[in-house]
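J.: Here's a structure for you.
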Amino acid sequence: KAQVAPATLVQPWSPELVRFLSTSVLGFSSIALIMATALLWRSGAPPHQVLRVFGIISILGFSALLLVVGYNNEQLTPIVGLFGAIAGYLLGKDSKTNKDE
């Protein structure tokens, strides 16, 4: 029987494209954080709302960055799981004082 060589993982994107996409993701996330800062500051949002908005935008930005940079599944799964746990905590956390507002 002929032995088949194991499949090697090849990045289909060029390094220039990966650099452009990662810079774009970081730029977009930064602009979103700046816009959120301005909107939350003008509305006088409570601290728990600021934490939620900043946490979710940061988690989405870093997750997108990790996907673009091209980590493989073994490296990416625990990271995305941790981000999901943090996002679930931020969105699910609600104290009794927050419900009255």
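J.: Restricting the search to the range 35-70, which residues are farther than 22 Å from Gly92 by Cα, of a type in the set (A, V, I, L, M, F, W, C) and at pLDDT 90 or above?
T.: The answer is Met35, Ala38, Leu39, Trp41.
J.: Hey, can you tell me all the residues within the range 34-44 that are among the aliphatic types (A, V, I, L, M) and either within 12 Å of the chain's Cα centre (by Cα) or surrounded by fewer than 15 Cβ atoms within 10 Å (Cβ to Cβ) (or both)? Please lay out each step first, then the result.
T.: Initially, the range 34-44 is screened for residues among the aliphatic types (A, V, I, L, M), giving 34-36, 38-40.
Ile34, Met35, Ala38, Leu39, listed by residue number.
J.: Would you check if Leu66 is closer than 22 Å to Trp13 by Cα and open to solvent by less than 40 Å² (accessible area, probe 1.4 Å)? So that I can check it myself, show each step before the final result.
T.: Working: closer than 22 Å to Trp13 by Cα: yes; open to solvent by less than 40 Å² (accessible area, probe 1.4 Å): yes.
Yes.
J.: What is the number of the single condition among (1) open to solvent by less than 70 Å² (accessible area, probe 1.4 Å); (2) modelled with pLDDT of 90 or more; (3) of a type outside the set (Ser, Thr, Tyr); (4) over 21 Å from Leu90 (Cβ atoms) that Val18 does not meet?
T.: So the condition that Val18 fails would be (2).
The values are calculated or read from the model by the stated rules, or taken from the named source; none is laboratory data. All values derive from a computational prediction rather than experimental measurement. All Cβ positions, even for glycine, are placed from backbone atoms using ideal geometry, and neighbour counts span all protein chains on display. Side chains are part of the model used for accessible areas, which takes the heavy atoms of the whole protein and leaves out ligands, DNA and RNA. Shrake-Rupley method; radii C 1.70, N 1.55, O 1.52, S 1.80 Å.
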